[in-house]
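Report on one structure; see the data block that follows.
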Amino acid sequence: MEQKEIRVLIADDNVDFCLMLRDYLMGYPRFTVEGIVHNGREVLQKLQTVDIDVVLLDMIMPEFDGLAVLEEIRRSGNRKNTKFVVLSAFGQEAMAQKAAQLGVDYFIVKPFNLNVLARRIIEIVDNINTVVVKSDPNINEKEKQISRIFVELGIPVHFRGYLYLREAVLMAVENPEAVNGITKKMYPSIALRYNTTTHRVERSMRFAIEKAWSNGKLEALNRCFGFAVDERKGKPTNACFIAKIADQIRLGWEA
C-alpha cells in the first residue's frame, strides 16, 4: 500500500531552527515541506493558497502568534483536514491548555528529539494513535531542570549541541562514571539516537558550550563553573561541562 505524502508548513520566527527542521524532515521520503513562514498572518495566507496536511506552529511569533492563528481558524471554520502540531518552549502550560481547547492535534515542548517529532506527525496523519495534547512525555523533570540550566547559561535551544548535551547530562546524572567513556560510549550512543556521527556530536557540543561563553552570562557561569569562567584558564572541555551540569542536577540547581 502506497503511503500518503505529508505536506508540511513550518511556522516559527527562528530562521535557523526552521532551516534545520526543514532539512531534517526532507530526509524522510513522505515529507514535503511546502513552505516556511515566520508569523501567524503568513500561516493564514499560506493555508488559503496551498493544501497543507500538517502545520508545525510555534506559539510565540511576531504580529500574529500561534494562539491567534488557532483562534482565527476556529472562527472561520476553514480548517479543512489540516493538522496542527504546536511547538513551544517549556513553562508555557497555560498556553498549552488554551491550544488544546482550540483543537490542536499535538503539543511538543522545545527542545525535542526530531525523530520523535517526525514519528508523531506520521502517527497523526495516519491516525495510528490517539494523540495526547500535552507536554511530550519524553521531557521529564530532570530534562526540564537541564533545559532551565542551559537557558540560563545562554545555550540557544535550536542548536543541535543543546540536544546532544542534554542527552549526555542525563546519562551522567544516572551514571557519573559515564563521562569517563565520553569518546567510546557517550558520543556513539548519542550519535546513534540522533542518526548522526560521533564527530558531529562532539563538534556540536563544543559549539554550544562556546556559545554559552560568548553570550557572557557570567553570573550563571560563575555559579556553575566558578574558576572555569576565567578566560585565561579556558572553557571547560565537553566532559567537564557535562560532569559539572550533572553535579548541579544531583545537588539541586536553584534558578
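The values are calculated or read from the model by the stated rules, or taken from the named source; none is laboratory data. Because the structure is a prediction, the values reported are computed rather than measured. Note that we place each Cβ from the backbone using ideal geometry, even for glycine, and neighbour counts take in every protein chain shown.
Only one entry of M20, M26 meets the criterion of being within 24 Å of F159 (Cα to Cα) and touching a Ser or Thr at 6+ places or on another chain (Cβ under 9 Å), and that entry is M26.
With respect to the conditions (1) of a type in the set (S, T, Y); (2) at pLDDT 80 or above; (3) not in a loop (DSSP other than H, G, I, E, B), S147 falls short on a single one, namely (2).
Filtered by the rule that a residue be polar (S, T, N, Q), assigned to a helix (DSSP H, G or I) and modelled with pLDDT under 90, region 184-219 gives S189, S214, N215.
V50 meets all of the listed conditions (1) out of contact with any helix residue (DSSP H, G or I) (no Cβ under 8 Å at 6 or more places or on another chain); (2) under 30 Å from T196 (Cβ atoms); (3) hydrophobic (A, V, I, L, M, F, W, C); (4) surrounded by fewer than 19 Cβ atoms within 10 Å (Cβ to Cβ) but one, namely (2). Here is the figure for region 62-85: residues that are crowded, with 16+ Cβ neighbours inside 10 Å, more than 23 Å from the chain's Cα centre (by Cα) and assigned to a loop (DSSP other than H, G, I, E, B) total 0. When E93 is tested against (1) at pLDDT below 85; (2) under 28 Å from P156 (Cβ atoms); (3) surrounded by 15 or more Cβ atoms within 10 Å (Cβ to Cβ), just one condition goes unmet, and that condition is (3).
Select, from P111, P137, the only residue that is modelled with pLDDT under 75 and more than 26 Å from D16 (Cβ to Cβ).
Working: P111 fails: more than 26 Å from D16 (Cβ to Cβ).
P137 is the lone residue from the list that is modelled with pLDDT under 75 and more than 26 Å from D16 (Cβ to Cβ).
Taking the listed residues N238, N222, the one that is modelled with pLDDT under 75 and either surrounded by 17 or more Cβ atoms within 10 Å (Cβ to Cβ) or over 20 Å from the mean Cα position of the chain (by Cα) (or both) is N222, with no other qualifying. If you go through region 20-43 one residue at a time, do you hit one that is in a helix (DSSP H, G or I), surrounded by fewer than 20 Cβ atoms within 10 Å (Cβ to Cβ) and over 19 Å from the mean Cα position of the chain (by Cα)? Within region 20-43, one or more residues are in a helix (DSSP H, G or I), surrounded by fewer than 20 Cβ atoms within 10 Å (Cβ to Cβ) and over 19 Å from the mean Cα position of the chain (by Cα). For a quick check of your reading of the model, give me the residue pairs whose first member lies in region 26-49 and is in the same structural domain as R79 (by TED's automatic domain parsing) and at pLDDT 90 or above, whose second is in a helix (DSSP H, G or I) and charged (D, E, K, R), with beta-carbon atoms closer than 7 Å and at least 6 apart or on different chains. Here the result reads V33/R22; G35/K46; I36/R22; V37/K46; L44/E72, each pair linking region 26-49 to a residue that is in a helix (DSSP H, G or I) and charged (D, E, K, R). Filtering region 33-85 to residues that are among the acidic types (D, E), touching a Ser or Thr at 6+ places or on another chain (Cβ under 9 Å) and under 14 Å from D12 (Cα atoms) leaves only D58.
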